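The structure appears right after this line, and notes come after that.
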Amino acid sequence: KYPQSNASTVMPFDVAQLHAANNENCAIPILQGILDLRISAEGSQKKAPIDMVRREACVLLALALAADHSQGAAVSGGGRDGAVRVLFIGNSYTFFNEMPSIFGNLSAHLPSPVRVVTGMVAPGGSSLFQHANLTLPMGIATAAALSTPEGWDYVVLQDQSETAGGGCDKDDGLAKNEGFLMSSHALADFYGPRILAAGGTAVMYSTWGRHDGDAPNAACCGYGTFLSMNRLTTAGYRSYATTLQGNAMAPSATESAGVHVRVAPAGQAFELVHNSTTTPLDPSSNFSCLYNHADTPPGPNRNCTLDGAGLGGHPSLGGSYMIAAVIAGTIHRQSVLGVSWAPAGVPAAEAQYLLKVADQAIRSAQVNGLKR
């Protein structure tokens, strides 16, 4: 379902060469090495499609590491090489509201501030198994980003919203559990070796159910309500974590198999807010306001009627703030309570409420056996 590649064949590259991304040749050695593997496997692949894939992969990778550099300049603190390096791999649930940037600013305002440098490969709608597909530009960019010579302290992994819980993905023509199994294989065969080689810890970014459930996956897959979809999704990410911990192939005989894994329980944070009110689906509820909606003034009469993106599960700015707080608390192992910073548009009182929920979700996940 995707080509296998030995991590030892991935060549290092100089990040400065990414400035060649606007050049149609985009001569980045690591990309050329991966493309050479692809050409060797496909044999008759024509040069024109390969050149097109190279250019698209260059753009994705340049964007990923541009986010790395700009984020690094925005925060302060300490870690390996002066910063904690965090790579985000996902889709719009990751890039919506520039969530990695929110994570960086939260990290800088923790009780013990942490400077972070972030990278991101997150094309809209993508699944973890698609990120592992070396015939796709995103697969080439993901493999290259994972193989940067600086390495990564943490790699945050987020799957397509319907996939982790075993749902169908009708856009890709996948039946029940098919995408979940493909992502599980990708975690063992693609991500595990590369995260080990990068010297990092995997962070499973456990996502949430859609506000009204997912109608196309209700009858087949149990996604009829937020709660049912959320609980299946949470269980799926637990399984992903187990796969990475126990089945990842070591890149060499001298390294032990298995990846250090933490789970960032964003879906549990959504569920805590859902369960805190008797009318969670009401447009004025705190739960509804976690999802993307038309701008409305905060206060007792706010109306968080979801727009199309929100109905698809995408978070509001407040929702992304809570998610980033869950990831920051999970990675840095610090309480997010009392952090004073919030993005413009999230009122102070709402921010403190969301931080409290994030902290509670992390603590609850520990009690329930999810690893931080």
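In a shell of Cβ-Cβ distance under 15 Å around SER276, excluding SER276 itself, what net charge do Lys and Arg (+1) and Asp and Glu (-1) give?
Details: positive: LYS356; negative: GLU271, ASP282, GLU350, ASP359.
With Lys, Arg at +1 and Asp, Glu at -1, the neighbours total -3.
So what's the gap between the Cα centers of region 103-132 and region 334-369, to the nearest angstrom?
17 Å
Within 10 Å of each candidate Cβ there may be at most 16 other Cβ atoms; applying that plus a DSSP loop requirement, which trypsin sites (Lys or Arg not before Pro) in region 164-207 survive?
In loop regions of region 164-207 (DSSP not H, G, I, E or B), the sparsely surrounded trypsin sites (Lys or Arg not before Pro) are LYS176.
Tell me the net charge near ASN230. Cut-off is 15 Å between Cβ atoms, ASN230 excluded, with +1 for each Lys or Arg and -1 for each Asp or Glu.
Working: positive: ARG210, ARG231, ARG238; negative: ASP159, GLU162, ASP212, ASP214, GLU271.
That sum, taken over residues with Cβ under 15 Å, equals -2.
Largest first, what is the accessible-area ranking of TRP152, TRP341 with a 1.4 Å probe?
On the way: TRP152 0, TRP341 55 Å².
Reading off the accessible areas and sorting them downward yields TRP341, TRP152.
What ranking, highest mean first, results for peptides 315-324, 228-237 when packing means the other Cβ atoms within 10 Å averaged over each residue?
On the way: 315-324: 26.4, 228-237: 22.1.
Ranking, from highest mean packing down: 315-324, 228-237.
Rounded to whole Å and sorted largest first, list the principal axis extents of the Cα atoms in region 76-160.
For region 76-160, the Cα extents along the three principal axes come out at 42, 29, 13 Å.
Just add up the charged neighbours of PRO343: K/R +1, D/E -1, any other residue whose Cβ is under 12 Å from the Cβ of PRO343.
Numbers: positive: none; negative: GLU98, GLU350.
Combined, the nearby Lys, Arg, Asp and Glu give -2.
The values are calculated or read from the model by the stated rules, or taken from the named source; none is laboratory data. In this text, all values refer to a predicted model and were calculated from it rather than measured experimentally. Don't worry about glycine lacking a Cβ; one is built from the backbone with ideal geometry, like all the others, and counts go over all protein chains shown. Calculation scope for accessible area: heavy atoms of the full protein, side chains included, ligands and nucleic acids excluded. Shrake-Rupley method; radii C 1.70, N 1.55, O 1.52, S 1.80 Å.
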